[in-house]
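Everything on this sheet refers to the single structure shown next.
The values are calculated or read from the model by the stated rules, or taken from the named source; none is laboratory data. Keep in mind that what you see is a predicted model, and the values were worked out from it rather than measured. With ideal geometry, Cβ positions are generated from the backbone for all residues, glycine too; neighbour counts draw on all protein chains shown.
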Amino acid sequence: MNSPDRDNLHPVLQRIAEALERLAPAPSSAVAMDGADAFVWNPERDRLDPVHHVNRVDITLLQGISRQTETLYQNTRRFADGLPANNALLWGSRGAGKSSLVKAVHAKVNDDRGDGPRLALVEIHREDIPSLPQLLSHLRGVKRPCVLFCDDLSFDGEDASYKSLKAVLEGGIEGRPDNVIFYATSNRRHLMPRDMIENERSTAIHASEAVEEKVSLSDRFGLWLGFHNCDQDTYFAMIEGYAKRYGLDLPNEQLRAEAKEWSVTRGGRSGRVAWQYIQDLAGRLGKRLDD
């Protein structure tokens, strides 16, 4: 190519380069976390979407889990104060209040800190776990403490995305950023189904080593909090607490009778079942469940 051709090509290449630069995603440092205390990670758009109204229950309304509440609150408060704290796995029965507790503790810690730096709650969906390193590259440069939260975390079959989580929790060369802690909820203590564990043990040459890699994921959580089905007294305490909070006037005997029947039709008692009954009752009474 002669010199005139090169001279004519240069401005074309420059315009192409400028166009590509405009289309390129913003660098990690451009991610802002101002104006909200909760965010949802959007890996496709490489950004944190603010959540201005978090769907949560006041911590005073959570019944039957006082030990779990106090333990998680103290761990979160220490983390927000810049002190050592553990990643937490909240495991157990469906509807027992695991995710409600994480969101309630986040709000309580911020309320108690006054003018201190606000604690951010960042939710990452289960299917986005492989993008954890990408998310942490953003959070590493943020000045505020962040609770990274994954609800209903579990792994099945040949799913290998748990390796991304293991590296983030402890094993990676960079490690977890000092301003990030990881909370997860799961119905499974070891984050994988029991039949999958037994199958790998029965077919492996070294049974004790066959599931070690996957089971050891739970060991990366320094804090384990178990949640179990509630008894009838605790269930009634939930119902009565909600009814009082939202002004749902119903004779106590009738309230308990309806709540008991509701739990029978749902096949069990839990915080979720209690809240579903309260929603039904409020609708029948023409009341709104506003905070």
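Among the numbered criteria (1) in contact (Cβ under 8 Å) with a residue 12 or more places away in the chain; (2) surrounded by fewer than 21 Cβ atoms within 10 Å (Cβ to Cβ); (3) more than 18 Å from Asp112 (Cα to Cα), which one does Pro84 miss?
Failed condition: (1).
Within the group Ala274, Ala257, which residue is outside the structural domain of Ile65 (by TED's automatic domain parsing), among the hydrophobic types (A, V, I, L, M, F, W, C) and touching a residue at least 12 places away in the same chain (Cβ under 8 Å)?
Checking each option against the conditions leaves just Ala274.
Yes/no per residue for (1) on the phi < 0 side of the Ramachandran plot; (2) touching a residue at least 24 places away in the same chain (Cβ under 8 Å); (3) part of a loop (DSSP other than H, G, I, E, B); (4) assigned by TED's automatic domain parsing to the domain that holds Asp58:
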position	(1), (2), (3), (4)
Asp115	yes, no, yes, yes
Arg118	yes, yes, yes, yes
Leu121	yes, yes, no, yes
Ser131	yes, yes, no, yes
Ser137	yes, yes, no, yes
Val142	yes, yes, yes, yes
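Identify, please: which residue in region 267-291 is basic (Lys, Arg) and either closer than 10 Å to Leu248 by Cβ or part of a helix (DSSP H, G or I) (or both) and is, among those, nearest to the chain's Cα centre (by Cα)?
Per the stated criteria, the residue is Arg272.
Specify the residue that is surrounded by the most Cβ atoms within 10 Å (Cβ to Cβ); the eligible residues are those in region 100-118 that are more than 12 Å from the chain's Cα centre (by Cα) and of a type in the set (Lys, Arg).
Out of the qualifying residues, it is Lys108.
With the requirement that a residue be within 25 Å of Gly267 (Cα to Cα) and either modelled with pLDDT of 95 or more or assigned to a helix (DSSP H, G or I) (or both), what does region 61-74 give you?
Leu61, Ser66, Gln68
Condition check ((1) of a type in the set (Lys, Arg); (2) at pLDDT below 95; (3) within 17 Å of Cys150 (Cα to Cα); (4) within 16 Å of the chain's Cα centre (by Cα)) across all residues:
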{"site": "Thr76", "(1), (2), (3), (4)": "no, no, yes, yes"}
{"site": "Trp91", "(1), (2), (3), (4)": "no, yes, yes, yes"}
{"site": "Gly95", "(1), (2), (3), (4)": "no, yes, yes, yes"}
{"site": "Lys98", "(1), (2), (3), (4)": "yes, yes, yes, yes"}
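Among (1) at pLDDT below 90; (2) more than 23 Å from Gly92 (Cα to Cα), which single condition is Lys244 missing?
All conditions pass for Lys244, except number (1).
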